[in-house]
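The values are calculated or read from the model by the stated rules, or taken from the named source; none is laboratory data. All of these numbers come straight from a predicted model, not from anything done at the bench. Backbone-built Cβ (ideal geometry, glycine too); neighbour counts: all protein chains shown. For the accessible areas, the whole protein counts, side chains as well, though only heavy atoms, and no ligand, DNA or RNA atoms are used. Shrake-Rupley method; radii C 1.70, N 1.55, O 1.52, S 1.80 Å.
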Amino acid sequence: MGQLFNRHVVLGITGGIAAYKAALLVRELQERGAKVRVVMTRGATEFITPLTLQALSGNPVHQELLDNEAEAAMGHIELARWADLVLVAPATADFIARLAAGRADDLLTTLCLATSAQVLVAPAMNQGMWKDPATTDNIAMLEQRGTRLLGPAHGTQACGDIGPGRMREPQLIAEDVAGLFSRDLLDGRRLVITAGPTREALDPVRYISNHSSGKMGFAIARAAADAGAITTLISGPVSLATPDRVRRVDVISAEDMLQAAQAELGQCDIFIASAAVADYRPVAAAEQKIKKSSEHMQIELVRNPDIVATIASGAERPFTVGFAAETQNVESYALAKLQKKNLDMIVANDVATSEGGFNSDNNAAVILWPGGRNEVELTSKEQLARILIETIAARYPAAPAA
Ligand code: C5P
């Protein structure tokens, strides 16, 4: 699912029967993380009430251009500036004609003229009206000016006709909108991420490991792919599905993980180490199952290689991001780790107080880099992942060369 975390979407609704679908569209946009403000034309209010849209969007619905109260709260120019994107769905033939003519005779057309944000229209009208040369010309003119067209779909219409003119389904519109934003953040960057635990074999049936679920790393891989990165996920043993458009390399032990990471180095711009790598492994794994005998047994352990530090100290060093789970002095310990491991960025977790953790779906963190920080309060791992990707995308060109 594409993401719209913290994106400001002005949803314009005009007066057609498909206006009822705008309620679902608000939900679809919000589920992807968008903040939505609704503008309705007078015609739209004949089909669906502003109250419904207000309740769903969580904001007052903007209706009139010349409304003192609304202008005092957030004026039309302010709204035009607030928007990262203006989406008109459904867009009637009349609205499209007014937009093409450059009219500013109501709040929505005025806003479309005033905004510098991308304007998208999802037409919805009778198939005859859609095919009319006037509409065809208006659409052509809008597209020529950079307005994007979403739909219309083909099929049965409210009037009983069959043909082109149905509004594109809300879910598909929300995906189109999300695709528009996320595609370019890390477009074409090659990103490698480690995730999950490692298992260090004691014998053919036993191992030392930890409770890492891999959820954070998988969420980052998903957010990276959504942002256009060519993403490779090196995963220890976890029971999670591979995100779409992500290449997965499965490994078991820390040594396997290091080898897999090094094999990717030639094709890696950004390396993120979210794996909970076992710090030690048995000196040697027994070839046969160890039989119980005496009351005590000793296992000799040896330090595992530090994967992220090894990658960050290489000659062809990618932009390298690590994680630090701490129980006290979180930021100072994390900053020390940033330096010691030669990282460009580190994500610090307070595992003593935060409700987030190994198996949780939530996490809170402070993202640190030399001279900067971004504090993320307790949120879903999905959202934290998107924020991390945005933070990396903003910092990546500033990364020092190897
Ligand atoms: O030193 P510490 O284990 O606290 O560091 C955590 C960071 O280092 C994480 O990014 C983790 O993925 C990485 N790490 C590693 N290889 C290890 C141990 C930790 O890549 N052997």
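Segment 128-195: D in µm²/s via Stokes-Einstein (Kirkwood Rh, Cα pairs, 10 °C, 1.306 mPa s)? Don't skip to the end; give the middle numbers.
Details: Rh = 14.9 Å.
Once the numbers are plugged in, D ends up at 106 µm²/s.
Could you work out how much longer the chain between Ala241 and Asn329 gets when fully extended? Use 0.36 nm per residue separation minus the Cα distance between them, nm to one decimal.
Separation in residues times 0.36 nm, less the Cα-Cα distance, equals 28.2 nm.
Could you work out the Rg to Rh ratio of segment 52-148, with Rh taken as the Kirkwood radius (inverse of the mean 1/r over all Cα pairs)?
Answer for segment 52-148: 0.99.
Between their Cα atoms, which of Lys35/Lys337; Lys215/Lys337; Lys35/Lys341; Lys35/Lys215; Lys21/Lys131; Lys35/Lys381 are more than 28 Å away from each other?
On the way: Lys35/Lys337 36 Å; Lys215/Lys337 23 Å; Lys35/Lys341 38 Å; Lys35/Lys215 25 Å; Lys21/Lys131 23 Å; Lys35/Lys381 19 Å.
Among Lys35/Lys337; Lys215/Lys337; Lys35/Lys341; Lys35/Lys215; Lys21/Lys131; Lys35/Lys381, the Cα-Cα distance tops 28 Å for Lys35/Lys337; Lys35/Lys341.
Give a quick list of GluC sites (Glu not before Pro) in segment 300-329 that DSSP marks as loop, anything other than H, G, I, E or B, with at most 11 other Cβ atoms within 10 Å.
Taking segment 300-329 and a limit of 11 other Cβ atoms within 10 Å, the loop GluC sites (Glu not before Pro) found are Glu300, Glu316.
Please state, as a whole number in µm²/s, the translational diffusion coefficient that the Stokes-Einstein equation yields for segment 160-315 at 20 °C and 1.002 mPa s, with Rh defined as the Kirkwood radius across alpha carbon pairs.
119 µm²/s
In the chain, carbon and sulfur make up what percent of the accessible area (probe 1.4 Å)?
Here carbon and sulfur together make up 49 percent of the probe-accessible area.
Restrict the search to segment 205-291; then list the GluC sites (Glu not before Pro) that DSSP places in a loop and that have at most 14 other Cβ atoms within 10 Å of their Cβ.
Passing sites in segment 205-291 are Glu287.
Please give the direction-averaged projected area of the C-alpha convex hull for segment 1-62, in square nanometres with one decimal.
Value for segment 1-62: 3.7 nm².
Of the residues His62, His76, His296, which exhibits the maximal mean-square fluctuation in a Gaussian network model of the chain defined by a 10 Å Cα contact cut-off?
Largest GNM mean-square fluctuation: His296.
At 1.4 Å probe size, with every protein chain present, just tell me what the per residue accessible area of segment 190-398 comes to in Å².
50 Å²
If the only charges are +1 at each Lys and Arg Cβ and -1 at each Asp and Glu Cβ, what is the size of the charge dipole of the chain around the Cα centre, to the nearest 20 debye?
Details: 38 positive and 46 negative charges, 141 e Å.
For the chain, the charge dipole is close to 680 debye.
Distance in nm between label sites at Ala315 and Asp132, each 7 Å beyond Cα in the beta-carbon direction?
That separation, rounded to one decimal, is 7.0 nm.
Cα atoms only, segment 8-179: Rg and Dmax in Å?
Rg then Dmax for segment 8-179, in Å: 14.8, 45.
Compute the long axis of helix 215-226 from its Cα atoms, compare it with the longest principal axis of the Cα atoms of the chain, and write down the angle in degrees, 0 to 90, nearest 10.
50 degrees
Per-residue ellipticity at 222 nm for the chain, helices alone: DSSP H runs ≥ 4 residues times -39500 (n - 2.57), over residue total, nearest 500 deg cm²/dmol?
That comes out to -9500 deg cm²/dmol.
List the longest stretch of the chain that has no exposed loop site; here a site is one of the trypsin sites (Lys or Arg not before Pro) assigned by DSSP to anything other than H, G, I, E or B, with at most 16 other Cβ within 10 Å. All intermediate terms of the calculation are to be shown ahead of the outcome.
On the way: sites that count: Arg42, Arg103, Arg145, Arg183, Arg206, Arg245, Lys289, Lys291, Lys292.
In the chain, the maximal stretch lacking such sites is 293-402.
Once both labels are modelled 7 Å past Cα along the beta-carbon direction, what's the Arg145-Glu69 spacing in nm?
Simple spin-label model gives 3.2 nm for this pair.
In terms of the ratio Rg/(2.2 N^0.38 Å) built on C-alpha atoms, what value belongs to the chain?
With N residues counted in the chain, Rg over 2.2 N^0.38 Å equals 1.23.
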